């Protein structure tokens, strides 16, 4: 009888052990399933983030290409301003004006100088949305911030010249030039003499005796030279950034 109970107990223990192993196996399978599902979700999230990153990189590249084209235009325009201001200063030093219309045309690009504004919509969106973390390349992020710092330095220099030009150029020309005559003189140039009234050298007599104006054009030569140096640096930085972005996009 005792042997029978012992046998029954052993059979029960064997069944319990088998059930325990089965239950453990089920738990392992469930855990593995969860881990696989998490890994799949994680991979899907990574693919989505990479897709978003590549879209941002492509958009950044477009902005940089636009900026380089704009920089080239500003470099050309400001080089003209430097050349013209240098020629104008010769007349302040005593060179007579023989063609007042031509002299007035030398002045116009400097009167009408424009600030440079870079296209950085994508960069600003990355910052404001917190999506800058999507950009995995530390090199790209560093180059973006360096370019932004150079842009801010350029804006500060433009602010400085804007103040100088207001005081040293714009205020005196309102005092010493008849703006109606200036506009009419431009009309002569545009219409090839069919409209307007050409200015005369004597119209600039008081103009050339004004020390503020002389200082203003001297400042123009210096400031446009500095601003061009800034733009050239920004162009080089933008070109390097484009190459780095292209390499990152090529990785897929």
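The values are calculated or read from the model by the stated rules, or taken from the named source; none is laboratory data. Remember, predicted model here, so these are calculated numbers, not experimental data. Cβ coordinates were reconstructed from backbone atoms using ideal geometry, including for glycine residues, and neighbour counts include every protein chain displayed.
When residue 199 is tested against the conditions (1) in a loop (DSSP other than H, G, I, E, B); (2) loosely packed, with under 15 Cβ neighbours inside 10 Å, the lone failure is (2).
Report, by residue number, each residue of the stretch 203-252 that is assigned to a helix (DSSP H, G or I), within 30 Å of residue 168 (Cβ to Cβ), more than 17 Å from the chain's Cα centre (by Cα) and free of Cβ contacts under 8 Å to residues at least 24 places away in the same chain. Across the stretch 203-252, the qualifying residues are 205, 211, 222.
If only one of 124, 118 is at pLDDT 85 or above, in a helix (DSSP H, G or I) and either closer than 28 Å to residue 229 by Cα or in contact with a helix residue (DSSP H, G or I) (Cβ under 6 Å, 6 or more places away or on another chain) (or both), which one is it?
124
The residues of the stretch 75-108 that are crowded, with 18+ Cβ neighbours inside 10 Å and not in a helix (DSSP H, G or I) amount to a single one, 97.
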